[in-house]
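Report on the following structure.
The values are calculated or read from the model by the stated rules, or taken from the named source; none is laboratory data. A quick note: this is a predicted structure, and the numbers were derived from the prediction, not measured. Reconstructed Cβ throughout: ideal geometry from the backbone, glycine too, with neighbour counts over all protein chains shown.
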């Protein structure tokens, strides 16, 4: 029944009656008012993590919230109010940010295949930076910026040959991917040359992204060393004066969180101090001034403070051998609101949150209601043997890459999203309706 504080939202508590509350609002009241499945965001948790990461890295200008983790207008407003910058990866994400009046000059635009329409929207909006991802994009953006009569600040995304996940990293792998320009092949340097040859693009730094759910800084260290080595080569070829504006070293995102009680990401300040020291030391090693370090956390801000609330529909035992069975607990959502277990074999912590149970523990599988055998939310977890229809289950740390990767598979409607703070719940995204499902239909 214990809820690990490193996994669940900071303002979540369980009462003596077993009912869990988030920021002073009980999950039973939330389910009654808004229905299930339901994403519940602890607003102070989200905002607090924004402030902590900004403080750790020396200010919000060093921290770009990766909106792909989860974005809506209200989230964009929170990020703006907490002083962070914002990364977007599509024209749609840019449109949502601008709709929320997020300052365009604090927006960076990513993407491996930005269309002319998306680049035009970004340039016309006055975004701060666009991250170049291919040589074709250099030509495309030069034409767009030229037509608009502006000089657009850009970074070049470099593929440094480092892949990092959790406690492991591979320093010579992962060149074969769709993102960025290869350092080893010379493509990154050639892209730098081509940007310098343009009239309407201004190269202000280098960018990379080495992985996800990272607990160890070793991968970042190798990436920083390689990018700063490239920067030294650029300075040697083009001179100090022409490259003086190249002041940004963006090491991307990937900062890890606790999905399970045993997960142990380092404290944010400790991680930030190590990254800042790495950049300072590596710059000194190649004789360059220390660049401005930028990071792009998404999961580390949005992930921990959100839970998904489900209602149990059916429970059944399925024989797996003459002497054994597996208990299947089916809930009213599934892979349409959390594709990560199916896509990445991601693991989550799920708990009964609507009452006390004195039942014995039984091993179970939490599954969704989709017509798909891989529709699994938690593959193996212990639940009370009296868990049954009508009980509420909560899954922790679902704030990142759950709603944002949701779908209408089987025509399930996307859940609502509520923010809770100081005993009050506010709807920030309504639940989809049947009318929404039919709204794209054309004809009879």
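Structure notes:
- Verdict on residue 28 being in a loop (DSSP other than H, G, I, E, B), under 29 Å from residue 367 (Cβ atoms), assigned by TED's automatic domain parsing to the domain that holds residue 355 and modelled with pLDDT of 95 or more: no
- Set side by side, the residues 302, 285, 345, 350 differ, and just one is within 30 Å of residue 220 (Cβ to Cβ) and modelled with pLDDT of 95 or more, which is 302.
- Unique match (being within 30 Å of residue 258 (Cβ to Cβ), touching a strand residue (DSSP E or B) at 6+ places or on another chain (Cβ under 8 Å), at pLDDT 95 or above and assigned by TED's automatic domain parsing to the domain that holds residue 230) among 131, 123, 156: 131
- Matching residues, the stretch 412-435, being part of a loop (DSSP other than H, G, I, E, B) and surrounded by 13 or more Cβ atoms within 10 Å (Cβ to Cβ): 412, 413, 414, 415, 430, 431, 432
- Search result, residues across the stretch 388-409 that are part of a loop (DSSP other than H, G, I, E, B) and either touching a strand residue (DSSP E or B) at 6+ places or on another chain (Cβ under 6 Å) or surrounded by fewer than 16 Cβ atoms within 10 Å (Cβ to Cβ) (or both): 388, 389, 390, 391, 398, 399, 407, 408
- Candidates 230, 249 - the one that is in a helix (DSSP H, G or I) and touching a helix residue (DSSP H, G or I) at 6+ places or on another chain (Cβ under 9 Å): 230
- Scope the stretch 235-267; condition closer than 18 Å to residue 292 by Cα, within 20 Å of the chain's Cα centre (by Cα) and touching a residue at least 60 places away in the same chain (Cβ under 8 Å); matching residues: 250, 253
- Test: residue 276 is in contact (Cβ under 8 Å) with a residue 40 or more places away in the chain, in contact with a helix residue (DSSP H, G or I) (Cβ under 9 Å, 6 or more places away or on another chain), loosely packed, with under 15 Cβ neighbours inside 10 Å and assigned to a helix (DSSP H, G or I): no
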